[in-house]
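Any read-out appearing in this document is the output of simple, stated calculations on the displayed coordinates, not a laboratory observation. Predicted, not measured: the structure shown is a model, and the values here were computed from it. Virtual Cβ from ideal backbone geometry, glycine too; neighbours counted across all protein chains shown.
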There are 2 protein chains.
Amino acid sequence: MKKYTIKDIAKLAGVSKGTVDRVLHKRGKVSETALKKVNSILDDIDFKPNFIAKQLKNNKIYTICVLLPDPKKDAYWESCIVGINKAVLEFNAFGIHVEIYFFNPTSTASFLKANLTIQAVAPDAVLLVPLFFKEASTIIEEYSNSGITVSIFNNHINSSPAKNFIGQDLFQSGRIGAKLLSSIISKGGLAIIHIDEKYNNAIHMQEKEKGFKSYFQELNAPKYNIITYKLKHSNIEKTLTSIMAEHPELKGIFVTTSKSYQVAEILQNEHEKKIALVGYDLLRENISFLKKGNIDFLIHQNPKQQAYLGLKHLIEHFLFDKEIPSQILLPINIINSESIKTYTGD
Amino acid sequence: MKKYTIKDIAKLAGVSKGTVDRVLHKRGKVSETALKKVNSILDDIDFKPNFIAKQLKNNKIYTICVLLPDPKKDAYWESCIVGINKAVLEFNAFGIHVEIYFFNPTSTASFLKANLTIQAVAPDAVLLVPLFFKEASTIIEEYSNSGITVSIFNNHINSSPAKNFIGQDLFQSGRIGAKLLSSIISKGGLAIIHIDEKYNNAIHMQEKEKGFKSYFQELNAPKYNIITYKLKHSNIEKTLTSIMAEHPELKGIFVTTSKSYQVAEILQNEHEKKIALVGYDLLRENISFLKKGNIDFLIHQNPKQQAYLGLKHLIEHFLFDKEIPSQILLPINIINSESIKTYTGD
DNA sequence: GCTTAAAATGTGTTCGAGCACATTATATTT
DNA sequence: AAATATAATGTGCTCGAACACATTTTAAGC
């Protein structure tokens with residue numbers, strides 16, 4: 001249980017701490033006899049170098065840049081900042097310097113420009129949302145070549161050299177949505193609705209759709225029939241009402257993006273029949289409709305936690321030499337009108 | 001952005017580091033003029049003492065004892081150990097020593113005995129599950145008098161001097177269960193079933209029942225009628241089948257404890273009609289029935305996270321001088337057969 | 001003005017690892 | 001055997017905060 005120091009070992013082995021140091025770090029210039037003496041002591045005891053002392057000697061300030069879509073353009077990203085601030089606060093006793101940058105999620109040029117700025121900063125690590133597949137891959141490659149550690153969250157990029165990803169299993173996410181709708185309604189028509197956002201997160205939507213369909217395929221229940229639509233924000237109301245007119249058997253809708261409130265808005269005027277609605281993300285508008293009962297369930301993608309963990313693992317990597325997990329898939333939270341209350345704080 | 005040291009401040013203020021030190025720690029023996037000089041510098045810059053150096057100087061090992069019911073007696077507590085180990089791992093670079101103790105949840109004597117052992121250890125803090133109201137209150141008082149910090153989790157004790165509690169809002173938890181059942185079934189009979197465990201966690205069950213009922217009262221829907229039963233483990237099958245015979249309108253069951261698998265076991269033989277079932281906690285048996293479809297939703301009380309956070313806040317209090325939050329109410333997670341997959345890891 | 005007490009201020013050491021540099025021991029060459 | 005090269009080992013300083021102790025300054029008393 002005693003904590004041994006290098007000095008202790010030196011004493012026990014009958015050599016100086018310099019020699020012990022050379023043995024520990026394999027710096028050579030140690031005689032056979034001295035090596036044996038030190039190693040025999042090291043075998044006997046459990047020596048762990050004092051991390052605190054190590055850090056003090058090192059005494060470096062690590063800079064980490066975070067790059068994400070501008071929350072002003074899409075409120076989904078707001079909570080990421082909360083998560084980042086949480087991590088910053090947690091480690092403010094250490095030499096960690098975090099800078100946050102935004103890019104316009106509708107503009108690849110903006111993404112590239114932001115990365116130029118970051119490259120000028122020359123940070124130790126970058127945590128980013130690789131919204132644009134192609135551009136992100138190149139950029140990440142560049143960072144890697146400069147010896148800058150890269151972690152990504154929210155979006156996965158298979159072919160990229162960045163190995164540290166934090167997000168959710170989108171396929172499974174779709175299955176969860178399917179299971180939820182099948183819990184609420186026992187038969188009838190179901191619609192998968194992709195609301196086309198200004199920027200393309202097609203992979204997200206596709207994976208969720210696949211998962212959703214796979215659930216019902218496995219269920220092998222012909223009592224459900226599933227239709228899929230891709231709506232544009234500009235004419236949702238018109239399209240949706242016509243879909244409903246065309247499909248009177250429609251009982252449930254699964255919205256694959258955070259824009260389910262736009263569907264809820266329209267559904268709330270449909271008084272004669274209740275259509276179940278499952279959507280994504282705890283946006284203010286979504287929460288409002290969830291509480292009112294127009295949205296039945298929200299699936300929580302937890303962007304706050306994604307950003308928090310991404311940053312935390314980078315920091316712990318630098319400070320404590322911990323390995324960064326190559327992939328973290330967060331639990332997918334199901335939220336209803338009553339449980340939403342418990343998600344406000346931490 | 002520069003990191004200032006005491007030496008820097010001394011230089012800027014034109015005094016020695018000893019004087020700066022005295023000002024920072026309010027140790028007195030500082031002249032009016034020197035005080036002013038140093039304070040004016042401190043006002044200008046953002047000085048945060050280097051935590052690493054502080055720790056190295058301090059070089060103390062903090063001992064924290066954790067006391068919880070024996071997981072061998074009730075599997076619910078198993079995951080607490082996982083949470084504790086997570087915290088221990090996270091801070092293993094620091095001087096933190098954690099000891100875990102168990103008590104028999106059916107025996108107050110065992111609880112008292114374990115606390116005697118802990119008191120002999122004389123730790124810096126204790127994290128415990130105050131299962132027995134009266135005994136826990138006394139014990140916590142004793143710890144406080146000895147200057148030992150106490151945090152509690154899972155159970156709340158109003159009248160105790162321990163202010164640091166981590167758990168969930170049980171009333172709200174009951175409301176969530178109610179909302180879930182009302183999502184699945186639109187009308188009919190509902191049963192609240194308390195399965196009497198060997199030890200009394202009556203407060204838990206009562207609060208959940210209150211919450212459950214309050215939801216339906218607010219809903220003001222006479223299409224539901226609610227019955228409440230308290231079952232003993234020994235004769236669940238007999239009692240439950242007689243209840244179902246007596247109440248053919250029964251459509252949903254809310255089990256307030258982690259023993260919903262016992263109900264599911266019986267329900268799986270009822271093939272002619274489907275009864276919705278909502279229960280608590282991710283025990284192996286519960287998960288199995290959730291996947292099979294006999295349990296519709298599980299409410300996750302997250303004992304792992306409760307233990308983890310309890311320990312983490314104690315550690316951060318000692319290491320970083322952070323204040324321990326007087327109360328943390330964790331989010332209440334809803335889990336279905338598809339989302340359970342995403343909860344296995346972290 | 002001198003002595004002594006008290007207050008104020010400064011100096012130096014410690015914590016443990018890490019590394020530069022100094023010193024000593026051994027081997028090689030002439 | 002002496003000179004030089006090379007290998008091996010030891011010493012001492014650094015990181016920044018904290019605190020004990022030494023030194024200086026100021027005030028009080030006669």
Checklist outcome for this item: So the FRET efficiency between B:K210 and B:Q119, C-beta based with R0 = 30 Å and rounded to 0.05, is 0.25
Item to check | Computed label-point distance, nm, for sites A:D43 and A:S16 using a 7 Å Cα→Cβ extension | outcome: 2.7 nm
Item to check | Radius of gyration, Dmax [chain B; alpha carbons; angstrom] | outcome: 26.1, 89
Checklist entry - How many Cβ atoms of partner chains, on average, are near each residue of A:322-333 if near means within 10 Å of its Cβ? => result 4
Item to check | Highest-fluctuation residue, B:F212, B:F153, B:F47 considered, GNM on chain B with Cα pairs under 10 Å | outcome: B:F47
Checklist outcome for this item: Computed on Cα atoms, Rg of region B:216-346 relative to 2.2 N^0.38 Å comes out at 1.34
Checklist outcome for this item: dims of the protein assembly as shown, Cα set, principal axes, largest to smallest, nearest Å -> 82, 69, 63
Checklist entry - Label B:N92 and A:K57 with points 7 Å out from Cα along Cα→Cβ: what is the distance between them in nm? => result 2.1 nm
Item to check | Linear extension gain, B:V82 paired with B:L112, 0.36 nm per residue minus alpha-carbon span | outcome: 8.4 nm
Item to check | Efficiency of FRET from Cβ geometry, A:K163 and A:T138, R₀ 25 Å, rounded to 0.05 | outcome: 0.90
Checklist entry - Nearest-to-axis residue of chain A, judged by Cβ, for the A-to-B rotation, with distance in whole Å? => result A:I334, 2
Next on the checklist: Distances in nm, one decimal, shortest first, from A:L112 to the same residue in every other copy, taking the label point 7 angstrom along Cα→Cβ.
Outcome noted: 7.7
Item to check | Cα-based reach from A:K292 at 15 Å (exclusive), listing aspartates and glutamates while leaving out same-chain residues under 8 positions away | outcome: A:E265, A:E270, A:E338, B:E218
Next on the checklist: Cβ neighbours within 10 Å, averaged per peptide: list A:169-175, B:102-108, A:240-246 in order, most packed at the top.
Outcome noted: A:169-175, B:102-108, A:240-246
Checklist entry - What whole-number value in cubic angstrom gives the convex hull volume per residue for the C-alpha atoms of region A:176-286? => result 98 Å³
Next on the checklist: For peptide B:56-65, what's the mean number of Cβ atoms from other chains within 10 Å of each residue's Cβ?
Outcome noted: 2
Checklist entry - Which distances in nm, rounded to one decimal and ordered from shortest, link the label point of A:N85 to the equivalent label points in the other identical copies, with labels set 7 Å from Cα toward Cβ? => result 3.6
Next on the checklist: Past 28 Å, Cα to Cα: identify those pairs from A:K208/A:K291; A:K72/B:K2; A:K223/B:K223; A:K29/B:K2, in the order given.
Outcome noted: A:K72/B:K2; A:K29/B:K2
Item to check | Antiparallel bridges, percent of DSSP beta bridges restricted to chain B (to nearest 5) | outcome: 5 percent
Item to check | Highest-MSF residue in chain A out of A:L116, A:L309, A:L12 [GNM, Cα springs under 10 Å] | outcome: A:L12
Checklist entry - Cross-link list A:K251/A:K273; B:K3/B:K54; B:K232/B:K304: which exceed 19 angstrom alpha carbon to alpha carbon? => result B:K232/B:K304
Checklist outcome for this item: Cα-based Rg and Dmax for region B:6-49, in Å, come out at 9.0, 24
Checklist outcome for this item: Highest GNM mean-square fluctuation among B:I184, B:I152, B:I287, for chain B with Cα springs under 10 Å, belongs to B:I184
Checklist entry - Hey, rough spin-label estimate for A:K291 and A:I203, points 7 angstrom out along Cα→Cβ, what's it come to in nanometres? => result 3.6 nm
Checklist entry - Ordered by packing density, taken as the mean number of other Cβ atoms within 10 Å over each peptide's residues, highest first, how do B:128-135, A:328-335 rank? => result A:328-335, B:128-135
Checklist outcome for this item: Quick note on B:Y343, A:Y4, ordering by fewest other C-beta atoms within 10 Å, gives A:Y4, B:Y343
